Amino acid sequence: MSKLPNIGTSIFTLMSKMAVEHNAINLSQGFPNFPIDEKLADIVAQLAKENVHQYLPISGYPPLLLKIAKLVEKSYHRTIQPQTELLVTAGATQAIFTTIQALVNSNDEVILLDPSYDSYEAPVLLCNAQTVRVDLNDDYTPNWERIEKAFSSKTKMIIINNPHNPTGKIWKDSDFLALEKLVEKYPDLMVLSDEVYEHITFEQKHISVHSRPKLCNRSVVVSSFGKSFHVTGWKVGYLVAPEHLMTEIKKVHQFLVFCVNSLSQVAISEYLDLVSVEELGTFYQEKRDYFRKLLQNSRFKLMPCEGTYFQLASYASISDENDVDFCKRLITEHGVAAIPLSVFYADGKDLKLVRFCFAKDNATLEEAARRLCAV
Ligand code: PMP
Ligand code: GLN
């Protein structure tokens, strides 16, 4: 009997595969199509000949742990203990899976805010626990009244994602104040904060759980170098957790991966001396603005985008097809792949919205926009 009877193949796999089959421009799955920084490529080439190919300590390459701690300190003024509060993971995906396996018991409830990223549900179900899905407001801000109503005596964890995939929304101070109140009221509640787009925000700055002392002791914060250094295929990320949670998380981690691949950990460690994550927001803001300008005469209506490298667009004035069918037709008839938004809702709510990834070189964005303007 299947342990996940209602879970199918991820929409990212489906859409990327269809894009390849139809030779479409792939603005669906979120990954950059431009080369990585030459400095990083040079580091990797050099390291290939050095003694960096064997197992590392399970928490991560010690110099990398120190540099991540420095990065967190510099970005959010939070001091973390690298040996006890930090874990390098095989991407944010493994960080999320491992955290849930380690901390959620059978029959617990975990609150997800819809539309929610697709990696949260399956690990909860594999714990024999349940997700409780709560819709965000129409403008994708959290609806705190609805969230609190969803609480029960079984509620163990809330998973938050800020900056938000797929909507590009970022949280305000008032949202954190509301979350802090909840955490105070429910002393057993844990927060899993997925912040993989932490360095990709635009007009408004990202607020991290790292900068909220009232939350830190109850939260696991997840980051991804895939997003920050344009290396999604490397699958290297990390999580920060207070020691009492980390002890449990490491028990699972050691049997899931033991340690994350050594070459990329050493490469990232060296690269962290040369790179500044502060430039990432400006880099992607230019891409966002360029992509939006290219689409301004299309029939798509563009939604606000405050962070991430995703642009939501409504096709309501183009078609009344459901969003999955529309995305398939966009690939087969127009040669552009996008992600339908309904897959991120428990009830498959269809708002006639699609998500485009603008982490692409300008020539790709231009050609994609030319095709989209003809729709
Ligand atoms: N969380 C969110 C919100 C994402 O968009 C992604 C995709 N990058 C992940 C987690 C997974 O990140 P990684 O590729 O580092 O596993
Ligand atoms: N995070 C990426 C996105 O939202 C997809 C990662 C994956 O394919 N699992 O597009």
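Amide hydrogen proximity for T89: with H placed 1.01 Å from N in the peptide plane, the residues at 5 or more positions away or on another chain lying under 5 Å are G237, Y238, L239.
Its Cα centre serving as origin, the stretch 209-336 has a Cβ charge dipole (Lys and Arg +1, Asp and Glu -1) of approximately 240 debye.
Let me know the longest stretch in the chain that avoids all GluC sites (Glu not before Pro) found in a DSSP loop with at most 12 other C-beta atoms within 10 Å. My reading of the result: 51-202 is the longest stretch.
Here the chain is treated with +1 on each Lys and Arg Cβ and -1 on each Asp and Glu Cβ, and its dipole about the Cα centre works out to around 180 debye. Length gained on full extension, D114 to E148, computed as 0.36 nm times the residue gap minus the Cα-Cα distance: 10.8 nm. In terms of other Cβ atoms within 10 Å, I147, I7, I318 run from fewest to most in the order I7, I318, I147. For the stretch 239-375, the Kirkwood hydrodynamic radius from C-alpha pairs, put into Stokes-Einstein at 10 °C and a viscosity of 1.306 mPa s, yields a diffusion coefficient of 88 µm² per second.
Each of F151, W171, Y140 was placed along the dipole of the stretch 130-189 (beta-carbon charges, centred on the mean Cα), and the one lying farthest toward the positive end is F151. Students often get this wrong: which residues of the stretch 305-330 have the backbone nitrogen under 18 Å from the point 7 angstrom along Cα-to-C-beta of R299? What the label zone holds, given the 18 Å backbone N cut-off, is 313-330. Convex hull volume per residue, computed on the Cα atoms of the stretch 32-99, equals 142 Å³. Only Cα pairs under 8 Å and 6+ residues apart enter the sum, and on that basis the relative contact order of the chain stands at 25 percent. Per residue, the average separation of C-alpha pairs within less than 8 Å and at least 6 apart gives the stretch 169-236 a relative contact order of 33 percent. Set against the 2.2 N^0.38 Å expectation for a compact globular protein, the stretch 1-128 has a Cα radius of gyration ratio of 1.38.
Of all DSSP beta bridges confined to the chain, the antiparallel ones make up roughly 45%.
Here the residues L179, L125, L27, ranked from fewest to most Cβ neighbours within 10 Å of their Cβ, fall in the order L125, L179, L27.
Within the shell defined by Cβ-Cβ distances under 14 Å, the residues around F202 carry a net charge of -2, with Lys and Arg each +1 and Asp and Glu each -1.
Under the simplified labelling scheme, the T79-D138 pair shows an inter-label distance of 4.8 nm, with each label point 7 Å from Cα along Cα→Cβ. Take each peptide in 165-174, 340-349, count the other Cβ atoms within 10 Å of every residue, and average; sorted highest first, the result is 165-174, 340-349.
Put a plus charge on the Cβ of each Lys and Arg, a minus charge on the Cβ of each Asp and Glu, and nothing anywhere else: the dipole of the stretch 159-256 about its Cα centre is then about 100 debye.
Length gained on full extension, S211 to E279, computed as 0.36 nm times the residue gap minus the Cα-Cα distance: 22.5 nm.
Charge tally for K67 (other residues, Cβ to Cβ under 11 Å; Lys, Arg +1; Asp, Glu -1): -1. Only one residue of H230, H206, N217 has its Cα farthest out toward the positive end of the dipole of the stretch 185-231, where Lys and Arg carry +1 and Asp and Glu -1 on Cβ, and that residue is N217. Sorted on the mean count of surrounding Cβ atoms within 10 Å across their residues, most packed first, peptides 255-265, 154-164 read 154-164, 255-265. Any idea what diffusion coefficient the stretch 63-176 gets from Stokes-Einstein, in µm²/s, Kirkwood Rh on alpha carbon pairs, 10 °C, 1.306 mPa s? Estimated diffusion coefficient is 101 µm²/s. Once the convex hull of all Cα atoms in the chain is built, its volume per residue stands at 143 Å³. The Cα-based radius of gyration and maximum Cα-Cα distance (Dmax) for the stretch 116-195 are 12.5, 34 Å. Residues whose amide H lies under 5 Å from that of N161, counting only those 5 or more places away or on a different chain, are D194; hydrogens are built 1.01 Å from N in the peptide plane.
When each full DSSP H helix of the chain is screened for a Cα extent of at least 20 Å along its own axis and an average Kyte-Doolittle hydropathy of at least -0.5, the helices passing are 62-76. Reported value for the stretch 280-331: 91 Å³ per residue, from the convex hull of its C-alpha atoms. Summing charges over neighbours of V240, with a neighbour being any other residue whose Cβ is under 15 Å away from its Cβ, gives 0 when K and R count +1 and D and E count -1.
Values quoted throughout were computed directly from the atomic coordinates according to the rules given, and no laboratory measurement underlies them. These numbers come from a predicted model, not from an experiment. So basically every Cβ, Gly included, is an ideal-geometry build from the backbone, and we count neighbours across all protein chains shown.
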